[in-house]
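Trainee: Pasting in a structure now, in structure tokens, and then I'll have a few things to ask.
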Amino acid sequence: MTPDPQSEGTVVLVLLAASACLLVLGVVAKMLDLRLRRDGEAIAVRGLISDALHRDPNLFGAGASLTVVRVRVPLWTGSPVTIRVAGQVPSDQLRRAALQRIRRAAKSDLIVAVRIKSRIDVRPAASPSELRTARSD
């Protein structure tokens, strides 16, 4: 009794399809694992930068309100981490000091390249007389 050539072809086709499905599932699982790891790294970088901003006494007491809006860690290594910072400071000098503090914290604690995107507005602090005038209106 000889095996049917058509059934051998069907078995080979089913085995190829099953192995292709396993390969695709493996690649998807690896990508999801990598993405989860990058999300964790982004949270860690965000905390690091936020702590660095809050520890700086020049920024903390000067009426500056800065927030790390978004940290994007690329899926592939070699690309820079993008840090977006937004908020308000009363002077351009404090804006530069905040950006310098972020660069220093990133350089000392991170081993990857960093790109900082700033949306920090300079708005002079209102004097007490301006606040009284604004409240009475």
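FYI, it's all coordinate maths here, none of it is from the lab. Since this is a predicted model, take the numbers as computed values, not measurements. All Cβ positions, even for glycine, are placed from backbone atoms using ideal geometry, and neighbour counts span all protein chains on display.
Trainee: Given 0.36 nm per residue, what is the gain on full extension from residue 119 to residue 39 after removing their alpha carbon distance, in nm?
Mentor: Working it through step by step, the gained length comes to 26.5 nm.
Trainee: In nanometres, what is the gap between the two model label sites at residue 32 and residue 76, each 7 Å from Cα along Cα-to-Cβ?
Mentor: 2.3 nm
Trainee: At q = 0.12, 0.21 Å⁻¹, what is the base-10 log of I(q)/I(0) for the stretch 36-102 according to the Debye formula with one equal point scatterer per Cα and no solvent? Please give it to two decimals.
Mentor: -0.33, -0.83
Trainee: When the chain is fully extended, how far beyond the present Cα-Cα distance does residue 25 get from residue 93, taking 0.36 nm per residue of separation?
Mentor: Once the chain is fully extended between residue 25 and residue 93, it gains 19.2 nm.
Trainee: Continuing with this model, one more query. Between residue 111 and residue 84, how high is the FRET efficiency from 1/(1 + (r/R0)^6) when r is the Cβ-Cβ distance and R₀ = 25 Å? Nearest 0.05.
Mentor: Computed FRET efficiency for residue 111 and residue 84: 0.75.
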